[in-house]
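Nothing in this text is a laboratory measurement; each read-out follows from the coordinates by a stated rule. Just so it is clear, the structure is predicted and the values come from calculations on it, not from any experiment. As a convention, Cβ positions derive from the backbone with ideal geometry for all residues, glycine included, and neighbour counts pool all protein chains shown.
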Amino acid sequence: MTMEQRTLDQNEYVQRTLKNKQEFSLKKFFLQWEWLLILVFLLVIVINTSLSPYFLNAAGLRDATMVFLDKGFIVFPMVMIMILRDIDISVGSTVALSSVIMATLYNTLNVPMGAALVICLLVGALCGLINGLLIVKFKELSAVIVTLATMILYRGIAYVILEDQASGNFPEWFSFFGWGSVAGIPFILIAFTILAIVFTLLLHKTTFGRQVYAMGNNDTASRFSGVRVDRIKVIVFTLAGLMAAITAIFLASRMGSTRPNVAMMYELDVIAMVALGGISTAGGKGRMIGAIIAVFIIGYLQYGLGLINIPSQTMLIIIGLLLLVSVAVPKMKVNWKFKKSGSKRKLE
Amino acid sequence: MAETAVESSNELQQEKKASKLAAISKFRELGLLAFIILLCIVVQIKNPSFMTLGNLTDMITNTAILSILALGMMLVLITRGIDLSIGATLALSGMLVAQTVSVYSGLHPLLAILMGIGIGTVCGVTIGFLVSKIGILPIIATLAMMNIFRGMTYTISDGQWISSYQMSESFVSIATSSILGINTLVFIAIIIYIIAFYFINHTRTGRQIYAVGSNPESAKVSGINQTKILVIVYSIMGGLAGLSGVLWVSKFASAQGDTASGFELTVIAACILGGVSIAGGSGKISGVILGAVLLGIMNNALPLMNVSPFWQSAIQGAIILFAVIVNALVKRGVDRNNLLRRKI
C-alpha cells in the first residue's frame with residue numbers, strides 16, 4: 001500500500017465515522033433531556049395560564065423574573081460542582097455573609113458603596129476558596145462535610161456581625177441592580193444572560209470545561225493524564241463563592257436591606273434546579289443549558305403557584321418532590337435498562 | 001552520607017509524629033473527657049451557678065434528646081450516608097402527636113411515644129427506600145425530604161402553635177417525671193443506649209452495618225443485603241427522630257412549625273466530635289456520648305459565660321471544621337504509622 005492510498009483510506013474512515021456520528025446524534029437529538037425540559041416549561045406556562053388569568057401578563061412576568069433570577073447565578077458554578085461529583089451546601093450562607101459584610105462596611109464603617117461591592121465579591125470568592133482548599137487539602141473529607149461545616153460557620157459569622165439586626169440605607173443607585181432595567185429589559189436578566197453565555201462557553205468550549213467533565217467521569221485517570229485536578233476543583237468552588245456574592249448584591253438591592261438570615265435554604269433551590277436540569281449526581285454528565293431552562297421552570301412554577309395562593313410551605317413540599325423526581329427518574333431509567341439487558345450487576 | 005543522615009532523621013521525626021498522632025487516636029475518648037472536665041472547670045470559675053443541681057439537670061435533660069439523635073446519626077454516618085431530615089422528622093412527629101394529644105387528652109403517654117416512633121419510622125423507611133432502592137445520594141434525598149417533612153408540618157399545623165395549655169397533664173409530665181429517681185428523658189436515653197450497645201456490637205445486623213460502611217463492595221460480595229441494612233439504618237434514625245419529637249414537644253411544652261430547625265447540624269457535629277468518620281465504617285458509642293455531652297455543655301455554658309447567643313452558630317461551625325480536620329490528620333498519622341510498622 002502506498003502512502004497516498006493509506007491517507008485516502010484514513011480520510012474515508014474519518015468521513016465515515018463523522019457520518020455515523022452525525023446520524024447517531026440526529027436520531028438522539030430529540031430524545032434529549034433538554035427537549036423534555038422545554039416541554040415541561042411550556043406545560044408550566046400552559047397550566048399556570050389556565051389556572052390564573054393574571055399569569056400571562058408582561059409586567060407580572062417581568063417582575064417575577066426579577067424575583068427568582070437571583071438564585072440563578074449560583075446555578076452556573078453548581079452545575080460544574082455537580083459534574084465534578086461534589087456538592088456545595090454552603091452557598092446560601094455565603095450569600096448571607098457577603099451581603100452582611102457589604103452592608104456593614106457601608107453603613108457602619110462608612111466605606112464607599114463601590115468599594116463595598118468589590119469587597120462583597122472578594123468575601124464571596126474567599127468563602128468559596130476556603131471550601132475548595134479544604135476539600136483539596138483534606139482528600140479524606142467529602143465536599144458534603146466541608147461545606148456543611150462552612151455553611152454553619154459562614155452564617156454564624158454573619159450573625160456575629162449583625163446579630164438580629166437588618167442593615168439597609170443603601171444609596172439610591174444601588175437599587176438599580178434589583179429593580180433597574182435597560183431598554184425595558186430588567187438589568188438582572190441582562191446580567192443573567194451574559195453570565196449564562198460566559199459559563200456555557202466556559203463549560204462546553206474551553207479546555208477547562210472539558211477537564212471538568214473528565215474529572216467528573218474519572219478523577220484518577222484525569223490526574224494521570226495531566227489534568228491539574230486540585231487547581232480545577234479550587235477554581236470551581238471559588239467561582240461558586242463569587243457567584244453567591246453576585247446573588248448577594250442582587251438580593252440586597254432588591255430587598256433594600258439585608259439580615260443574617262437571608263438566603264436560607266437557597267442551596268436546596270439551587271440543587272433542585274441543577275438536578276432538574278439533567279446534571280447527574282453521579283458526575284460527568286449534563287449540560288449548562290438544561291440547568292438554565294430549569295431555573296425558569298422552577299421560577300415560573302413558584303410564581304404561578306403564588307398567584308393561585310398556594311402557601312410557601314406547600315412550595316417547600318413541591319420543590320422537594322421535584323428534586324426527588326428529577327434525581328430518581330434517570331436512576332430508574334438506568335436500573336431498568338440494566339434489568340432489560342440481563343446484566344446481573346448494576347454499575348455504580 | 002549527610003543526605004542519608006538527614007533522611008533518616010526526617011524519617012525518625014515523621015515516625016515520632018505519626019506515633020504521636022496514633023496515640024491521640026487511641027486516647028481520643030480520654031482526650032475528649034479531659035476537655036469536657038477542663039471546660040466544666042473554666043465555666044464553673046466564670047459562673048458559679050453552672051454546677052448547681054437545677055442547671056445540671058436541665059443540661060442533662062437537654063443533652064438526652066441530642067444524644068438519642070446522635071446515636072441514630074452515627075449509624076447513618078457509618079454506612080457513608082448523612083441524614084439532614086431529622087430536624088424536620090422530629091418536628092413532624094412532634095406536631096402530629098401534639099395535635100392528637102390536644103384532641104384526645106386522655107391518650108396514654110406511652111401510646112403518644114409509640115405513635116411518635118411510628119411516624120418517625122415511616123419517614124425513615126421512605127428515606128431508606130429512596131437511598132437504597134432508587135440509589136439517590138443520601139445528601140440529596142434527605143435534603144429533599146427535609147423540605148417535604150417541614151412543609152407537611154407547616155401544612156398540618158396551618159401555621160398554628162400547639163401550646164402547653166392544649167396538652168394534657170400526663171403528656172407534659174413525660175419530660176418532668178422520673179423513673180427510679182432518674183428523669184424520664186435521661187432514663188429513655190440510657191435504655192436506648194444499652195439496647196444500641198448490644199445491637200451494634202453483638203448482633204449480626206449490627207456488625208453488618210459496619211461492614212457495609214467500611215467496604216460496600218466486599219460487603220456485597222460476602223452476601224450482605226445492602227438494601228436491607230440501609231433501610232434498617234434510616235428507619236432506626238427516623239424512629240429515634242420521631243421519639244425525640246415527642247420528647248421535645250413534651251419538654252418544651254409547645255409544638256411549632258419550625259421546631260428543631262437546624263438541629264440536624266448539631267447532631268452531626270456531636271457525631272463528628274465523637275470521632276465518627278464521615279467516610280464510613282467507624283464510630284463508637286462511647287465517642288458519640290462524649291460528643292453529645294460536650295456540645296450539650298457548650299450550649300448550656302455559652303449563655304452562662306455571657307457569650308452572645310449570636311456567637312453560638314459560628315463557634316459550632318468552627319468546632320465542626322476543627323474536629324473534622326483533626327480527625328483527618330489523626331487518621332493520616334495512624335495510616336502512616338501502620339505503613340512504617342510494616343516496613344520494619
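What the table below lists for this structure:
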quantity	calculated
Cα centroid of region A:292-313 to Cα centroid of region A:94-149, whole Å	29 Å
Magnitude of the charge dipole, chain A, Cβ model with Lys/Arg +1 and Asp/Glu -1, debye to 20	1560 debye
Percent RCO, i.e. relative contact order, over region B:54-308, from Cα pairs under 8 Å lying at least 6 residues apart	40 percent
Karplus-derived HN-Hα couplings along region A:197-203 (A = 6.51, B = -1.76, C = 1.60, θ = phi - 60°), whole Hz, x at Gly and Pro	5, 4, 6, 5, 5, 4, 7
Angle in degrees between helix A:266-276 and the longest Cα principal axis of chain A, rounded to the nearest 10	20 degrees
Rg ratio (alpha-carbon, reference 2.2 N^0.38 Å) - chain A	1.11
Estimated [θ] at 222 nm from DSSP helical runs (n ≥ 4, -39500 (n - 2.57)) normalised by residues in the protein assembly as shown, nearest 500	-26000 deg cm²/dmol
Signed unit charges on C-beta, dipole axis of region B:54-308, positive-most listed residue B:Trp161, B:Val307, B:Cys123	B:Cys123
Along each principal axis, Cα extent of the protein assembly as shown, largest first, Å	94, 80, 61
Options A:Leu134, A:Ile161, A:Leu37, ranked by Cα towards positive dipole end of chain A, top entry (Cβ charges)	A:Leu37
Spin-label pair A:Ile47/A:Val329, simplified geometry with 7 Å Cα→Cβ offset, distance in nm	1.1 nm
Unsatisfied cross-links (Cα-Cα over 30 Å) in the set A:Lys137/A:Lys285; A:Lys71/B:Lys331; A:Lys285/B:Lys331; A:Lys137/B:Lys228; A:Lys233/B:Lys331	A:Lys71/B:Lys331; A:Lys285/B:Lys331; A:Lys137/B:Lys228
A:Ser181 long-range amide H proximity, modeled H, under 5 Å	A:Phe187
Spatial separation of Cα centroids for region A:224-269 and region B:316-339, in angstrom	27 Å
Karplus 3J(HN,Hα) series, Hz, for region B:99-105 with 6.51 cos²θ - 1.76 cosθ + 1.60 (x for Gly, Pro)	5, 4, 5, 5, 8, 9, 5
Centre separation in Å (Cα based) which lies between region B:161-215 and region B:238-272	13 Å
3J(HN,Hα) from dihedral phi, region B:335-340, Karplus parametrisation 6.51/-1.76/1.60, rounded to Hz, x for glycine, proline	4, 5, 4, 4, 5, 4
Dipole magnitude of region B:232-344 about its Cα centre (Cβ charges: Lys, Arg +1; Asp, Glu -1), debye to nearest 20	760 debye
Region A:260-314, relative contact order [Cα under 8 Å, separation at least 6], %	24 percent
Dipole of the protein assembly as shown [Lys/Arg +1, Asp/Glu -1 at C-beta], most positive-end residue of B:Ile289, B:Phe197, A:Thr247	B:Phe197
Lys, Arg +1 and Asp, Glu -1 on Cβ, resulting dipole of chain B about Cα centre, debye, nearest 20	1040 debye
Amide H within-cut-off set for A:Thr258, under 5 Å, with H built and near neighbours excluded	A:Ser167, A:Gly168
Contact order relative to length of chain A, as percent, for alpha carbon pairs under 8 angstrom and 6 or more apart	30 percent
